[in-house]
Every structure is written in structure tokens, then in C-alpha cells.
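Structure first, then comments.
The values are calculated or read from the model by the stated rules, or taken from the named source; none is laboratory data. These numbers come from a predicted model, not from an experiment. Cβ sites come from the backbone with ideal geometry, for glycine too, and all protein chains shown count toward neighbours. Ligands, DNA and RNA are stripped out before the accessible areas are found, and what is left, the full protein with its side chains, is counted by its heavy atoms. Shrake-Rupley method; radii C 1.70, N 1.55, O 1.52, S 1.80 Å.
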Amino acid sequence: MNGEVVAASAEPSPPLEWRFSQVFGERSAGEEVHEVDVISAIQFDNSGDHLATGDRGGRVVLFERTDAKNSSGGARRDLEEADYPLRHPEFRYKTEFQSHDPEFDYLKSLEIEEKINKIRWCQTANGALFLLSTNDKTIKFWKVQDKKIKKICDVNSDPSRTVVNGEVPEANSSSLRLPVVTSHESSPVARCRRVYSHAHDYHINSISNNSDGETFISADDLRINLWNLEITNQSFNIVDVKPEKMEDLSEVITSAEFHPTHCNMLAYSSSKGSIRLIDLRQSALCDSHSKLFEEPEAAGSKSFFTEIIASVSDIKFAKEGRYLLSRDYMTLKLWDINMDSGPVSTFQVHEHLKPKLCDLYENDSIFDKFECCISGNGLRAATGSYSNLFRVFGVSPGSTETASLEASRNPTRRHVPVPSSPFKALSRVVSRGSESAGVDGNSDALDYTTKLLHLAWHPSENSIACASGNSLYMYYA
């Protein structure tokens, strides 16, 4: 591969001090959160100037950056950033629209929820914003553009003309005025340009734009389809893991992502904990992979939960595409796509929950799908946990940075200094994490009903947006 992210630098960066920035939709104490208002997807656009969220009610809400941009030259900008390293990002509400509505499949007698599973931004054009959103079955392509509101402010009326004896006197030419149309402030308008449907028998879990700006993929449990943005009535099935007999099914697709710079490459993860890299140049049907990334099986007996906790819930490419981040239930892993012998680093997220796997299975928490994200410079990664906590790790070689933050106005309120376990060198594989769990380092202190599943990292700054219920919290460092 050509590019290397900064994670390959020799010197780790110093730890960051995270600060609260903004919150949208914060609920007061005791206020009930309706299920339809819970945020189910978050995504920054490529510039970082816009942020989109989707909720379980099928709505998409857009936010835009409002803090002043630095328009000075590159050298001056670098000097100013050195003097003022902390830049407080500010966003404001822009608009919202109903992306999906509940449907009913009469052929299968199946209700289709309106919940937004994923949002992906597309390339902007002519000042308009474009994005893809999907629920379980249908993908939609949206265009959001500012439209000026026109208003008639002067009409053909003369206030001096009064009614005399029940009659209105005839108007002379001087009292007649033509209507005047004036343009007022612009207002964003969202329009659905295309609908991509009837291509998935199972629930869509991923969509991903290609770097060519013309195609995207959608994935469900058994298939990955390749679409052209301009064509809605057909797609090309590039991956199909469905066996001839469903009883022979051993794994399902859990996430899929296009390579950020090579339009012919994409990766998808499975419920067995493996990640497959496929190359569209090798074959149009990509049932065979070009590389397989799996962690070597640990010595010892397997348990009933081994395969469940190994399932990969999310994968993300780093900006330059050499490194790949994956999240399973217990850990966060960083992979080098040039090295398929094992992960470069493993970060323990839920190590303290191992004794409670039976309880987590009984209340279905063990099936929670936590997302992950990686910074634009490739130096750090973040993922969520329970009690509205999320973890930030330094992923550059030699870094021991780790932080536990809470999605609240005081992100360090529950923070307890967490000692990193000793580095376990095994070729290039490094493990580190925390045995601490919450306020008092006890897993019993965690609230399994409040879980932070969705978060996104700003593409060029150390800024994180995360969802807690119906609230959107933003932090910067």
C-alpha cells in the first residue's frame, strides 16, 4: 500500500485533555425518553463542517459548524494553532426531515421499522449536501439545499380608500401598486432524489460510499450488493455467504466498509470474529477473499460465549487506508492490512465483564453492537461502553494513553485513573487495557440499560460526537 497513517510514527503523542463542548436534546432528570427519539446513527461529513444523526423514528437531523473558520495562510494558521491548540468547535441545528416511515411487507407478513441503521455522506455539489440513509430494507439518497424564501410584501391595496355608503370609490391610477416580491433568509430543504429498495431479504446492517464517488455497497447478514448512485432498479451481488441449506450456515456478515482511497477494495466482518479483505479486480463475484484477518485462537477450553463475544460489530478504515479498526464485544483491535498474522494492537474494553457473561446473555446485553471510530491522523481510537461511558485509546506504537469518559456535561466525573496492564509483546501484537469498570472499579456499578453504542470522530480535529439516548454530546481536546 502507498499510504501510511501517522500511527506508524516512532514517537507517541502526549495524552489529550478532553472537554465538554455542546449537547443537543439533553433531557432533564426524570424525563422519559421516547423510543422513537433514541439516536441510532451518527456521521460527520468529509469536511467536518456538517454532522448528521438518525433516530429510531426514521428522522434525520443535520447540524452545521458555526465557529469562525481560519482563512489565513498555511504558515500563519500553523503558528496560531501552536499558540492556541484548543479550538472549541460549535455546531448548530440546521434542519431535519423524515427519512423513513414504518412499512409492512404483506408477502412476508413482516413489519419494517423506520429506524435509521446507517447514514453516509456523499460528495457535495453546487453548494448542496447529499447523503444516504437506510433502515432495514430501503436505502434513500437525499439532497439538502438552501432555498431562499420569497414573500410578497406590497399588494394592490390603498389604505386611504374607505367605504362610503357601502360602496368603495373607484381607484385612480395613482392608488394602484404592483405587488413587490422580496427574498428573505434562506431555508434548507431536503428532497429524496432516489430510492434503492427490494435488494435485501435480511436487515441491512451497513452502507459505505466508494472513493470513486459513483458507487456504494449495502450489506445484510448474508449478502453485499454493489450499487451505482444513478441506478435504483438494479444492483450487483458481489458477496453471498448463503449456503445451499440454511442449517449449514455458520457465520453471518456483520459490517462492511469500502477502502477510503482504493475503489477496488473493501472489507467485511463476520460473526466469527474474522475480517475479509476483497479485491474487485480479482473477480466480480468476491466469495473468495484476498486476505483474511483473524486472531489466533487462544490456548484453553472454549465456552458457550466464546463465539458470541468474538463477533465483530463494527469496522472502520483509518483515513489513509493502511490500518483497520474493529470492535467486538470485549475488545478493540487495530489491524495492519499488510499483516494478516494478527492484530497490531488489542485494547481491552470489557475485560471486567467476563465473570458476568451469563447475566449479560440473559438480558441480551451480550448482543449489543458497539461502534468504533478512529481519528483523522490515526493516532487515537474510541468506542463506547455501558453507563454512558466511552473509552479513548492511543493507538500509535508505544502509546499508553487511555481515558474513560462519560457522556455528560462533566465527562471526567466518573473517571478513575486506570492503570494499563503490562505490555504483552507477541511479535508485533500488543495488549493493554483496564481492569477498572466504573465509578468504583466494580462491574456491578455499571448501568446496562444506558449504553453508548454510536459515536463519530471529526475527520480532521480531535473532536468526538456521541449519542446517549436522545441526546447528542460533543467533546474536544
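When 32, 17 are screened for being at pLDDT 75 or above, exposed (fewer than 13 other Cβ atoms within 10 Å of the Cβ), charged (D, E, K, R) and within 21 Å of residue 477 (Cβ to Cβ), only 17 passes. None of 384, 394, 376 is among the small types (Gly, Ala, Ser) and surrounded by fewer than 22 Cβ atoms within 10 Å (Cβ to Cβ) except 376. Evaluated against (1) surrounded by fewer than 22 Cβ atoms within 10 Å (Cβ to Cβ); (2) part of a loop (DSSP other than H, G, I, E, B); (3) within 20 Å of the chain's Cα centre (by Cα), residue 370 falls short on exactly one condition, (1).
Against the test of being of a type in the set (S, T, N, Q), at negative phi and touching a strand residue (DSSP E or B) at 6+ places or on another chain (Cβ under 6 Å), the options 290, 303 yield a single qualifying residue, 290.
Contact map, region 206-224: first residue touching a residue at least 60 places away in the same chain (Cβ under 8 Å), second residue open to solvent by 40 Å² or more (accessible area, probe 1.4 Å) and assigned to a loop (DSSP other than H, G, I, E, B), Cβ cut-off under 7 Å, separation 6 or more or different chains; pairs are 213/123. All of (1) open to solvent by 60 Å² or more (accessible area, probe 1.4 Å); (2) at pLDDT below 90 hold for residue 182 with one exception: (1).
For region 452-466, state whether one or more residues are modelled with pLDDT of 85 or more, among the hydroxyl-bearing types (Ser, Thr, Tyr) and open to solvent by less than 20 Å² (accessible area, probe 1.4 Å). There is at least one residue in region 452-466 that is modelled with pLDDT of 85 or more, among the hydroxyl-bearing types (Ser, Thr, Tyr) and open to solvent by less than 20 Å² (accessible area, probe 1.4 Å).
Is it true that some residue in region 266-280 is of a type in the set (S, T, N, Q), in contact with a Ser or Thr (Cβ under 9 Å, 6 or more places away or on another chain) and open to solvent by less than 20 Å² (accessible area, probe 1.4 Å)?
yes
Elements of the type strands (runs of 3 or more DSSP E) sitting completely within region 283-339 and holding at least 1 residues that are among the hydroxyl-bearing types (Ser, Thr, Tyr) and closer than 23 Å to residue 240 by Cα: these cover 312-317, 323-328.
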